[in-house]
1. Residues being closer than 15 Å to B:A26 by Cβ and buried (at least 20 other Cβ atoms within 10 Å of the Cβ): count how many of those fall in the stretch B:50-66.
2. Of the residues B:K20, B:K13, only one is crowded, with 18+ Cβ neighbours inside 10 Å, within 19 Å of B:K240 (Cβ to Cβ) and either within 14 Å of another protein chain (Cβ to nearest Cβ) or in contact (Cβ under 8 Å) with a residue 40 or more places away in the chain (or both); which?
3. So which strands (runs of 3 or more DSSP E) stay within the stretch B:1-64 end to end and still have 3 or more residues that are closer than 15 Å to B:A218 by Cα?
4. Only one of these conditions is not met by B:D94: (1) modelled with pLDDT of 95 or more; (2) surrounded by fewer than 18 Cβ atoms within 10 Å (Cβ to Cβ). Which number is it?
5. Do any residues in the stretch B:172-194 that are more than 19 Å from B:P140 (Cβ to Cβ) have Cβ atoms under 6 Å from those of residues that are in a loop (DSSP other than H, G, I, E, B) and not charged (D, E, K, R), where the two are at least six apart or on different chains, and which pairs are they?
6. Do you know which residues across the stretch B:196-225 are surrounded by 21 or more Cβ atoms within 10 Å (Cβ to Cβ), under 18 Å from the mean Cα position of the chain (by Cα) and assigned to a strand (DSSP E or B)?
7. From B:S107, B:S161, B:S170, which residue is of a type in the set (S, T, N, Q) and part of a loop (DSSP other than H, G, I, E, B)?
8. Report yes if some residue within the stretch B:138-155 is within 14 Å of chain A (Cβ to nearest Cβ), more than 25 Å from B:S49 (Cβ to Cβ) and at pLDDT 95 or above; otherwise report no.
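The values are calculated or read from the model by the stated rules, or taken from the named source; none is laboratory data. Note that the structure is a prediction, hence the values are computed from the model and not measured. Cβ: placed from backbone, ideal geometry, glycine included. Neighbour counts: every protein chain shown.
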Amino acid sequence: GINQPTITKFFAKL
Amino acid sequence: MLELRLVQGSLLKKVLESIKDLVNDANFDCSATGFSLQAMDSSHVALVSLLLRSEGFEHYRCDKNFSMGMNLGNMSKMLKCAGNDDIITIKGDDGGDTITFMFESPSQDKIADFEMKLMDIDSEHLGIPEAEYHAIVRMPSAEFARICKDLSSIGDTVIISVTKEGVKFSTKGDIGTANIVCRQNTTVDKPEEATIIEMQEPVSLTFALRYMNSFTKASPLSNTVTISLSSELPVVVEYKIAEMGYIRYYLAPKIED
């Protein structure tokens, strides 16, 4: 299947 | 205290139209650098980053850094009351619970002020790392909008692939498939009509078309759009706002299990 990760998987919270 | 005056008020109207469907509530950050915003959509799949630099305003005063939480739907309702040629002035105070929008007609014969309630928003800022992109495509914003709209009538996702042949936008759905290839084209009458592809290495990524279509609401802000792609990184879809700054959308790619 194909998944939609969230943007927070790539950009860390400050 | 924040006080900013934007002669080209229509810019702010266009900015709101390009983010209000993606983000419901957001904190606007006021600093000496400018008026900015960073916010995620409600599913946290996309991120929008807006900067309107202080130099782009006719008058800009911000004594200290602070944020103002706004409902973007309500802000859009207020800004829709400004005429396209109106000068817009925004006034707000650190710790205040309202913001004032003043609209002046170009001939100064009509002056309106609208006061909007602010809200407390818990928002997190994300650190956006500097990235080397595998491919950067610059193309007319209307062309990109047309492609996203056309493909979304066929499928839900778009595969964007950049090779030395050009940039390919592909989708598939119940009724069939579609492929649109745009080649580099710099032999145009106007520079904004060019398609320019800078490729370090081939890249292919899959994205939800729903978000791409939402990003294209920013097309009235700029004749061109820049799409930056790297394997396994969010795409950046950037619209420059002339003389003022930019609106950048980041979208997480879909990933095969």
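1. So the first thing to find is which residues in the stretch B:50-66 are closer than 15 Å to B:A26 by Cβ, and the list is B:50-52, B:66.
Next, only the ones that are buried (at least 20 other Cβ atoms within 10 Å of the Cβ) stay: B:50, B:52.
Selection size over the stretch B:50-66: 2.
2. On the way: B:K20 fails: within 19 Å of B:K240 (Cβ to Cβ).
After applying the criteria, what remains is B:K13.
3. Values: elements: B:2-6, B:25-30, B:34-40, B:46-53, B:59-62.
Where strands (runs of 3 or more DSSP E) fall fully within the stretch B:1-64 and carry at least 3 residues being closer than 15 Å to B:A218 by Cα, they are B:46-53.
4. (1)
5. B:K172/B:G155; B:G173/B:I154; B:G173/B:G155; B:A178/B:I154
6. Within the stretch B:196-225, B:F207, B:T224, B:V225 meet the criteria.
7. Exactly one residue qualifies, and that residue is B:S107.
8. Initially, the stretch B:138-155 is screened for residues within 14 Å of chain A (Cβ to nearest Cβ), giving B:155.
If we keep only those that are more than 25 Å from B:S49 (Cβ to Cβ) too, we end up with B:155.
Within this subset, residues satisfying the condition of being at pLDDT 95 or above are B:155.
So far as the stretch B:138-155 goes, yes, one or more of its residues are within 14 Å of chain A (Cβ to nearest Cβ), more than 25 Å from B:S49 (Cβ to Cβ) and at pLDDT 95 or above.
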